[in-house]
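Right, one structure below, let's go through it.
Every number here is computed from the coordinates shown, using simple stated rules; none is lab data. In this text the structure is predicted, and so the values were computed from the model without any measurement. All Cβ positions, glycine included, derive from the backbone under ideal geometry; neighbour counts span all protein chains shown.
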């Protein structure tokens with residue numbers, strides 16, 4: 001919760017801070033809030049389209065959302 005609050009504060013100060021969007025997405029993922037996590041990482045990718053780490057994180061979260069079998073057969 002503290003990390004989420006910190007990233008949200010950072011984003012209020014700078015809504016274009018791609019790393020904060022990515023990290024907020026990861027924190028939300030840890031809480032099982034996968035839709036919100038995907039949305040935040042997508043914002044990070046929109047802000048920095050060439051960042052491969054953000055794209056990898058998005059893929060990991062999407063696979064987690066699909067579950068074990070969904071990630072094997074997607």
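With the cut-off at 1.5 for a/c, could you classify the chain from its C-alpha gyration tensor as rounded, prolate or oblate? All intermediate terms of the calculation are to be shown ahead of the outcome.
Working: a/c = 3.17, a/b = 1.53, b/c = 2.07.
Verdict is oblate for the chain.
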*With springs only between Cα atoms under 10 Å apart, run a GNM on the chain and tell me which of 13, 24, 34 wobbles the most.*
13
*Hey, rough spin-label estimate for residue 1 and residue 46, points 7 angstrom out along Cα→Cβ, what's it come to in nanometres?*
2.9 nm
_Given points 7 Å out from each Cα along the Cα-Cβ axis, report the residue 35 to residue 19 separation in nanometres with one decimal._
3.1 nm
